[in-house]
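Below is one structure, written out as structure tokens, with a few remarks after it.
FYI, it's all coordinate maths here, none of it is from the lab. These figures come from a predicted structure and were not determined experimentally. Here the Cβ positions follow ideal geometry from the backbone for every residue, glycine too, while neighbour counts run over all protein chains shown.
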Amino acid sequence: MDLSPHSYIGPFRRLAGFGQTEFGDSRVCSPTSDDEVATILQTAAAQGRQVMLRGAGRSYGDASIAGETVAIRQDRMNRVLAWDPATGTLDVEGGITLEEIWRYVLPDGFWPPVVSGTMKTSVAGGLAMNIHGKNNWSQGTLGEHVDWMDIMLAGGEVRRLIPADPLFFQIISGFGLLGIILRARLRMKRIRSGSLQVVQRSVRNWQEQFDTFEEFQDRYEYIVSWVDGFHDGRGTFQAANHHPDDEPHTLHASAQELSPYLIGFYPKSRAWRTLRHFTNPTGMRLLSAAKYRAGRLTGSEKAAQMPLVAFHFPLDFVQDWERAYLPGGLLQFQVGLGRENAREVIPGLLARSQAAQLWPYLIVMKRHRPDPTLMSYLVDGYSIAMDFHRTDLNAAQLDQLFKEMTADVLAAGGKFYMAKDARLTADEAKQSLGEGPYHQFLATKRELDPTGLLVSALGARIGLCDIPSMLSSP
Ligand SMILES: Cc1cc2nc3c(=O)[nH]c(=O)nc-3n(C[C@H](O)[C@H](O)[C@H](O)COP(=O)(O)OP(=O)(O)OC[C@H]3O[C@@H](n4cnc5c(N)ncnc54)[C@H](O)[C@@H]3O)c2cc1C
């Protein structure tokens, strides 16, 4: 990398959230070392520019975009620094993805302790949002499997943080606004096979949904339900455990490869074009019904064997599937509700969207436990994630629906997942996060980043940082 200051601040590039509803133009830099990261921070500050941190760009909304900023990506700081198969500890740079990690550790009989629904997520981006997986109820969040982290503050100082450090669980879930996660030591999970034993059950209504989670939650590590947005709580529930037997042949990456074809012959690279014909209420009603019926036919209380990758990352099977939501894009509403309210509020959210004839095309429900971060978003209860197709015609109506659903969630003391959010206001965020944590975060921000160098559009929207150019826009 050319070390002259002007080389860092190149031409503007348009960056999008994964949902492709939010955009920002940034000058993107991909440093390869701590020194280069520090020089970018210094150069940006000297030129009066603000800095935004970008992982793999998998957050749906505006968490990793911000117009007029210098964006630091760590896609070239993605190395494995140390690996100890005796203890399962893995030292990595922040830009490494979950996919690169599982490929590295699987042959030695390990798997990441927590993975998101896509394997493209980077470790730094995953820690900044403190991602959870289908095993959140039993294993917690990614941040709970970290021994230490090296972070760089806005002024260039590098610190190593351990979980006992008060800053540790502020940087984790810190939305990339407090410091740059450079490296981390993660504890991998020991496994004996590259397969899971999966049981599947078709559930007919909300009562069965919640009852089924409770029935399975203490016997299975992974629990998730795929809810049909066109009915009243019906869906396909899955529970899975790691296969207990030694099956060394399944620990090879080749046993996990996703086929480049769908149904044996149709190239996945073209599937999103076909899917586009279904991203309308009629098409999605048909697909949801077909998925439910297939679940009834193939579902079995007898465990079926499934490769880890196929179970964890089903959406990665359809390359570029999010493009099927263009033009317009994809808005997701993901919230967490305590156990005491979830049985009432979650069905109410879906009923509200159905009454407005705004159908969620994909709904995922999970069971959670509270997380230990300052900006905590998980509670002892359930989350629901609802995907909506935003179009020019329904944009205003969808915004109205999101406002109403947000009010329902706030009234029930619910939480919002900022990795998916694009609509929450500062007041709503403060109410949900709690006045205490919200003000503590602002105090830490002032202490660690007094000039307000690190920003994002999400941070500005929910009042955690200032972007003067955004504040002055109408
Ligand atoms: C198909 C799909 C399925 C998903 N399923 C799940 C799921 O099951 N569970 C879940 O929890 N999430 C899920 N997500 C969301 C995703 O895992 C999170 O948004 C995650 O944060 C994305 O990581 P990223 O590397 O793409 O980071 P980005 O989205 O680019 O950035 C995320 C945040 O990290 C910050 N950041 C980036 N780099 C750094 C750094 N070096 N230091 C500090 N902060 C940094 C950014 O500023 C931003 O605030 C899913 C996303 C998709 C697209």
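Before moving on, here are some points about what is shown:
- Which of 284, 362, 304, positive extreme of dipole for segment 196-427 (C-beta unit charges): 284
- Diffusion coefficient (Stokes-Einstein, Kirkwood radius over C-alpha pairs, 4 °C, 1.567 mPa s) for segment 80-190: 93 µm²/s, rounded to a whole number.
- Under a 5 Å amide H cut-off, with hydrogens placed 1.01 Å from N, residue 189 pairs with 111 among residues at least 5 apart or on other chains.
- Simple label model, 7 Å out from Cα along Cβ direction - residue 369 to residue 320, nm: 4.2 nm
- Relative compactness, segment 303-348, computed as alpha-carbon Rg over 2.2 N^0.38 Å: 1.71
- Whole-number D in µm²/s for the chain (Stokes-Einstein; Kirkwood sum over Cα pairs; 37 °C, 0.692 mPa s): 144 µm²/s
- Lys-Lys pairs in segment 196-427 that are eight or more residues apart or on separate chains and whose Cα atoms lie under 28 Å of each other come to 12.
- Segment 428-443-segment 228-272 distance, computed between alpha-carbon centres (Å): 39 Å
- Placing a label point 7 Å from the Cα of residue 245 along the Cα-to-Cβ line, the residues of segment 180-217 whose backbone N sits under 18 Å from it are 191-199.
- Net charge, residue 209 excluded, C-beta distance under 14 Å - Lys, Arg +1, Asp, Glu -1: 0
- Applying both filters, DSSP loop and at most 10 other Cβ atoms within 10 Å, to the chymotrypsin sites (Phe, Trp or Tyr not before Pro) of segment 1-108 eliminates every site.
- DSSP loop GluC sites (Glu not before Pro) with at most 11 other Cβ within 10 Å excluded, longest remaining stretch of the chain: 302-474
- Entry note: segment 133-205 has Rg to Rh equal to 1.15, where both radii use alpha-carbon atoms and Rh is the Kirkwood radius.
- Cross-link reach list, lysines versus residue 189, counting only Cα pairs under 16 Å and skipping chain neighbours closer than eight places: 134
- With Cα atoms as the point set, the radius of gyration and Dmax of segment 231-371 evaluate to 17.6, 52 Å.
- C-alpha center-to-center spacing [segment 144-190, segment 358-393] in angstrom: 25 Å
- The gain in end-to-end length when the residue 270 to residue 439 segment is fully stretched comes to 56.1 nm, 0.36 nm per residue minus the alpha carbon separation.
- Separation in nanometres of the label points that stand 7 Å from Cα toward Cβ, at residue 395 and residue 215: 4.5 nm
- Cα pair count fraction exceeding 16 Å, expressed as % - segment 408-469: 46 percent
- Length gained when the stretch residue 277-residue 108 is fully extended (0.36 nm per residue, less Cα-Cα span): 56.6 nm
- Net charge of Cβ neighbours under 13 Å - reference residue 12; Lys, Arg +1; Asp, Glu -1: +2
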